[in-house]
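What follows is a set of notes on a single structure, which appears directly below.
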Amino acid sequence: MIQTREDLIEYMRCDQIALHCEALKRPRWGRDEIWRFERLLRKLEFYSNNKYNLLHKLYYILYKYRFHKISVRLGFSIPIHVFDKGLSIAHYGSIVVNHKAKIGENCRIQENVTIGSTGGSDMAPQIGDNVFIASGARILGNISLGNDIAVGANAVVTKSFKENHITIAGVPAKKISDHGSVGFVSPKL
């Protein structure tokens with residue numbers, strides 16, 4: 001959780017590394033929309049935790065408005081305080097994440113992914129560190145995934161996989177290899 005300015009800088013630096021934008025100081029206009037989205041996400045998280053004075057409250061309102069606009073434009077429904085540092089969104093497209101989900105550090109997520117609850121329950125997935133979630137994956141219900149897991153394209157994950165360093169895929173998802181997320185997530189984090 002981003003509490004201090006140092007936390008904010010660290011989260012934004014890790015996101016920048018995960019997106020392979022280390023050589024740039026700021027997002028380029030018209031080219032780095034996902035990085036711009038992630039920067040707004042982190043700033044909104046910071047100001048939602050630090051609404052101590054009028055100026056911080058005004059920044060919170062400004063960033064909430066800008067965050068909503070870019071979320072709609074990119075097709076993302078990602079609430080604040082869900083992803084830990086090192087988030088890497090690969091492409092524009094529909095990404096829906098439940099506000100009660102918790103995803104660890106260094107997560108790479110593709111387009112058309114859903115991470116949410118099922119059957120009227122408000123419990124959402126808890127996902128570990130260094131996880132790769134491929135295109136079209138659905139991770140649903142009160143489940144947990146370990147660290148270094150790769151979720152295959154169009155997988156439907158409805159049960160927990162606590163084992164680390166595995167690849168899961170299929171409908172319903174099952175373990176298919178011991179390869180894990182190596183090669184899919186940033187090795188620099």
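The values are calculated or read from the model by the stated rules, or taken from the named source; none is laboratory data. All values reported here derive from a predicted model rather than from experimental measurement. A quick note on method: Cβ atoms are made from the backbone with ideal geometry, for glycine too, and the neighbour counts reach across all protein chains shown.
Summary of values
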quantity: Matching entry among Leu54, Leu40 (being touching a helix residue (DSSP H, G or I) at 6+ places or on another chain (Cβ under 7 Å), outside the structural domain of Ser121 (by TED's automatic domain parsing) and among the hydrophobic types (A, V, I, L, M, F, W, C)); calculated: Leu40
quantity: Cβ pairs under 6 Å, 6+ apart, first in region 97-109 and within 19 Å of Asn154 (Cβ to Cβ) and assigned by TED's automatic domain parsing to the domain that holds Val131, second surrounded by 18 or more Cβ atoms within 10 Å (Cβ to Cβ) and small (Gly, Ala, Ser); calculated: Arg108/Ser88
quantity: Scope region 135-189; condition hydrophobic (A, V, I, L, M, F, W, C) and surrounded by fewer than 16 Cβ atoms within 10 Å (Cβ to Cβ); matching residues; calculated: Ala153, Val171, Ile176, Val182
quantity: Unmet requirement for Met123, which otherwise passes all of (1) closer than 24 Å to Glu33 by Cα; (2) assigned to a loop (DSSP other than H, G, I, E, B); (3) in contact with a Ser or Thr (Cβ under 8 Å, 6 or more places away or on another chain); calculated: (1)
quantity: Within region 128-159, tally of residues that are under 19 Å from Lys100 (Cβ atoms), out of contact with any Cys (no Cβ under 6 Å at 6 or more places or on another chain) and touching a residue at least 40 places away in the same chain (Cβ under 8 Å); calculated: 2
quantity: Residues being in a loop (DSSP other than H, G, I, E, B), within 21 Å of Glu105 (Cβ to Cβ) and not basic (Lys, Arg) - total across region 140-189; calculated: 20
